Amino acid sequence: MNKKYFPLDKNALEKLAQRFPTPFYIYDEKAITENVRRIKASFSVFPSYKNHFAVKALPNPYMLKILNNEGFGADCASYPELLLAEMSGMKGEDIMLTSNETPADEYRAAKKMGAVINLDDFTHIEFLEKTSGLPELISMRYNPGPLKEGNAIIGRPQEAKYGFTREKIIEGYSLLKTKGVKRFALHTMVASNELSIPYHIETARMLFELAVEIKEKTGVRLEFINLGGGMGIPYKPDQEAVDYQALSDGIQKAYNEILKPACLDPMNIRTEWGRVVTGPYGWLVTRAVHKKEIYRNYIALDACMADLMRPALYGAYHHITVPGRENEPLSETYDIVGSLCENNDKFAIQRKLPKIKTTAESGSGDFVIIHDAGAHGRSMGFNYNGKLRCGELLLRQDGSVVQIRRPETVEDYFATLDITGLKDFK
Ligand SMILES: *Cc1c(COP(=O)(O)O)cnc(C)c1O
């Protein structure tokens, strides 16, 4: 069991909603900072352990600054994400570029920043050399193919477009060595939202064994191994959060068994977790606007799948609570929906909830809190149907609230259209 919480009670929320009308995202800085410290404490046995927060999970420079202050770096997938990391104060090798099908200007930008470039394919060695020149340090992404079981969400590695095969990655280190590259790293990313500790330990073991093989076959001694992202969070109340210490202990055991005898100690360990860092400490705060009773009973919110895609995209479960009604019986069965013209615009399907009052009925409808939205939430949003995405708030350690992204306006929606020629356009 994990207890679903929300940091504000109904009265505090009413006050906040007067300043910042719903819908909005809100993130709990204190809880995120404590979580980061728990991760660091559990991994402190690896002396220069660093998590490169996956920027795509929560691409806001205020959040990146909080994480940077705690010693985390960033993992970026694009030029704008590199800029976000830089803007938040991260520098040089704090930043990794793990992109795929990477354009030349992205490589050039990363190289100029001194970020760690993580290559996605053998052919990119020559591409990088031609377009940007090779940096002193290079990381490569490994795809184990049939050698590793797939994870439910990300699928089977041999069907994934990412990374080098085992053969090619070894050839890659040899080639880079002959081209004068001095420092080397290894990376993989084979799971998404995976809660199984043995699965993640097995991934570490696989990479450690590969590091030994690389050393034997090419003479390259890796400087760090990046275990990737994909650590799961318990979206459902009956799931358990990952025990960081148990995970770290398991990785340490594999380290002692595989890396130490091969004289690859000390080896720096990195991760690039996103979801597990901020996911449980962010919420989409909405109000119930309409109630509709047809073949099913619907509650319609002022947010929609443009604000949070996961339920529509993956059928993902997000826990829902109604502040002020925590102690009421779950007497109703609702589909909780948004206003987009897509029938999969549903935050929950046939969910047992207390009876919800809507704005249409009572003037100001109940708040409806969508939990575990602190990662891969706002960032996945889109503007289909002319829907404007909501803003983001940060609950600071002292209890104050600041807006770290305003809601979109109609002007934002039209910002990329040049309508000056429209009048004369026939
Ligand atoms: C998405 C992604 C991550 C982060 O995944 P989480 O599930 O948020 O931990 C890390 N690295 C790469 C390369 C990714 O694509």
For Leu134, net neighbour charge (Lys/Arg +1, Asp/Glu -1) across residues whose Cβ lies under 12 Å away
+3
Would you please give the FRET efficiency between Asp9 and Ser339, computed as 1/(1 + (r/R0)^6) with r the Cβ-Cβ distance and R0 = 30 Å, to the nearest 0.05?
0.65
Over the stretch 209-254, how many percent of alpha carbon pairs lie in each 10 Å bin up to the one with the longest distance?
20, 36, 26, 13, 5
Pairs of Cα atoms farther than 12 Å apart, the stretch 131-170, %:
63 percent
Report the dimensions of the stretch 272-349 along its three principal axes from the alpha-carbon atoms, largest first, rounded to Å.
45, 33, 18
So which residue, out of Cys390, Cys341, Cys76, gets the largest mean-square fluctuation from a GNM of the chain using Cα contacts under 10 Å as springs?
Cys341
Compute and list, largest first, the equivalent-ellipsoid semi-axes of the stretch 343-414 from the alpha carbon gyration tensor, each √(5λ) rounded to a whole angstrom.
23, 20, 15
Which one of Leu186, Leu227, Leu340 has the biggest mean-square fluctuation once the chain is modelled by GNM with Cα springs under 10 Å?
Leu340
How big is the Rg/Rh ratio for the chain, C-alpha atoms only, Rh by Kirkwood, two decimals?
1.01
How big is the equivalent ellipsoid of the stretch 319-362 along its three axes, where each semi-axis is √(5λ) from the Cα gyration tensor, reported in whole Å from largest to smallest?
20, 13, 8
Only Cα pairs within less than 10 Å get springs; with that Gaussian network setup on the chain, which residue of Gly89, Gly229, Gly374 has the largest fluctuation?
Gly89
Within the stretch 376-426, chymotrypsin sites (Phe, Trp or Tyr not before Pro) in DSSP loop having at most 16 other beta-carbon neighbours inside 10 Å
Phe382, Phe425
Using the structure shown, select from Lys236/Lys260; Lys50/Lys253; Lys40/Lys179; Lys40/Lys112 the pairs with a Cα to Cα distance greater than 27 angstrom.
Lys236/Lys260; Lys40/Lys179; Lys40/Lys112
Could you give the length gained on full extension between Lys236 and Lys253, defined as 0.36 nm per residue of separation minus the Cα-Cα distance, in nm?
3.1 nm
Any chance you could get the radius of gyration and Dmax over the Cα atoms of the stretch 20-106, in Å?
14.2, 45
Across the alpha-carbon set of the stretch 54-163, Rg over Rh with Rh taken as the Kirkwood radius works out to 1.00
For the stretch 85-118 and the stretch 369-390, distance of Cα centres in Å:
26 Å
Give me the three principal axis extents of the stretch 81-225 from the C-alpha atoms, as integers in angstrom, largest value leading.
38, 36, 24
With +1 on each Lys and Arg Cβ and -1 on each Asp and Glu Cβ, how big is the dipole of the stretch 344-426 about its Cα centre, in debye rounded to the nearest 20?
320 debye
Report the gain in length on full extension from Lys91 to Glu34: 0.36 nm times residue separation, minus Cα-Cα distance, nm rounded to one decimal.
18.2 nm
Taking Cα atoms only, Rg over Rh for the stretch 146-280 with Rh from the Kirkwood formula is 0.99
Which of the trypsin sites (Lys or Arg not before Pro) found in the stretch 157-203 are loop residues per DSSP with 16 or fewer other Cβ atoms within 10 Å of their Cβ?
Lys161, Lys179, Lys182
If I fit a long axis through the Cα atoms of helix 29-42 and take the longest principal axis of the Cα atoms of the chain, what angle between them do I get, 0 to 90°, rounded to 10?
30 degrees
With +1 on the Cβ of every Lys and Arg and -1 on the Cβ of every Asp and Glu, and nothing else charged, how large is the dipole of the chain about its Cα centre, in debye rounded to the nearest 20?
240 debye
With the calculation restricted to Cα positions, what are the radius of gyration and Dmax of the stretch 293-426 in angstrom?
17.7, 62
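A short reminder: the numbers here are calculations on the coordinates, not readings from a lab. On a predicted model such as this, the values are computed, not experimentally measured, just so you know. Here the Cβ is made from the backbone with ideal geometry for all residues, glycine too, and neighbour counts use every protein chain on show.
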